[in-house]
1. Right, residue 25: farther than 13 Å from residue 79 by Cα, assigned to a loop (DSSP other than H, G, I, E, B), touching a strand residue (DSSP E or B) at 6+ places or on another chain (Cβ under 8 Å) and open to solvent by 60 Å² or more (accessible area, probe 1.4 Å) or not?
2. Under 21 Å from residue 71 (Cβ atoms), modelled with pLDDT under 90, open to solvent by 50 Å² or more (accessible area, probe 1.4 Å) and under 13 Å from the mean Cα position of the chain (by Cα): is that true of residue 8 in this structure?
3. Out of the strands (runs of 3 or more DSSP E) lying entirely within the stretch 34-93, which hold 3 or more residues that are more than 20 Å from residue 8 (Cβ to Cβ)?
4. Regarding residue 16, is this residue outside any loop (DSSP other than H, G, I, E, B), out of contact with any helix residue (DSSP H, G or I) (no Cβ under 9 Å at 6 or more places or on another chain) and at pLDDT 90 or above?
5. Please verify whether the stretch 43-52 includes one or more residues that are under 14 Å from the mean Cα position of the chain (by Cα) and open to solvent by 90 Å² or more (accessible area, probe 1.4 Å).
6. Considering only the stretch 56-76, state which residues are of a type in the set (D, E, K, R) and open to solvent by less than 60 Å² (accessible area, probe 1.4 Å).
Amino acid sequence: GSSMVPTLQPDDLLLVWWAARVRPGDLVVFGHPHHPGLLTVKRATSTDPADGTRWWVERDNPDAGSDSWLFGSIAEADILARVITRLPTRRHRE
């Protein structure tokens, strides 16, 4: 399963704001620290108390994927974009 379900579904398209300022609660896009070249979307929850230039990021689905609990905080400079909205590419049946 996806680490961001139910917020994001597989195959959703994301409209992002490149180099946007990040606020707590925002979905952000960054390069995964353990997998070079893999873009990752997580929720920025807070700045790192020890270093205000780093963000703590978490998944919305605790049963899938990885987040700062595994790889630590992310440098603000490594955050590429903030997610503005999702654009579903298929209809989800209730």
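1. Numbers: farther than 13 Å from residue 79 by Cα: yes; assigned to a loop (DSSP other than H, G, I, E, B): yes; touching a strand residue (DSSP E or B) at 6+ places or on another chain (Cβ under 8 Å): yes; open to solvent by 60 Å² or more (accessible area, probe 1.4 Å): no.
Answer is no for this residue.
2. Values: under 21 Å from residue 71 (Cβ atoms): yes; modelled with pLDDT under 90: yes; open to solvent by 50 Å² or more (accessible area, probe 1.4 Å): no; under 13 Å from the mean Cα position of the chain (by Cα): yes.
Here the answer is no, as residue 8 does not meet what is asked.
3. Numbers: elements: 39-48, 51-58, 79-87.
Where strands (runs of 3 or more DSSP E) fall fully within the stretch 34-93 and carry at least 3 residues being more than 20 Å from residue 8 (Cβ to Cβ), they are 39-48, 51-58.
4. Working: outside any loop (DSSP other than H, G, I, E, B): yes; out of contact with any helix residue (DSSP H, G or I) (no Cβ under 9 Å at 6 or more places or on another chain): yes; at pLDDT 90 or above: yes.
Against the criterion (outside any loop (DSSP other than H, G, I, E, B), out of contact with any helix residue (DSSP H, G or I) (no Cβ under 9 Å at 6 or more places or on another chain) and at pLDDT 90 or above), residue 16 qualifies.
5. The answer is no, given that none of the residues of the stretch 43-52 is under 14 Å from the mean Cα position of the chain (by Cα) and open to solvent by 90 Å² or more (accessible area, probe 1.4 Å).
6. From the stretch 56-76, those of a type in the set (D, E, K, R) are 58-60, 63, 67, 76; that's our starting set.
58, 60, 67, listed by residue number.
The values are calculated or read from the model by the stated rules, or taken from the named source; none is laboratory data. Remember, predicted model here, so these are calculated numbers, not experimental data. Quick reminder, even Gly has a Cβ in these numbers, built from the backbone with ideal geometry, and neighbours come from all protein chains shown. With ligands, DNA and RNA removed, areas are computed over all heavy atoms of the protein, side chains included. Shrake-Rupley method; radii C 1.70, N 1.55, O 1.52, S 1.80 Å.
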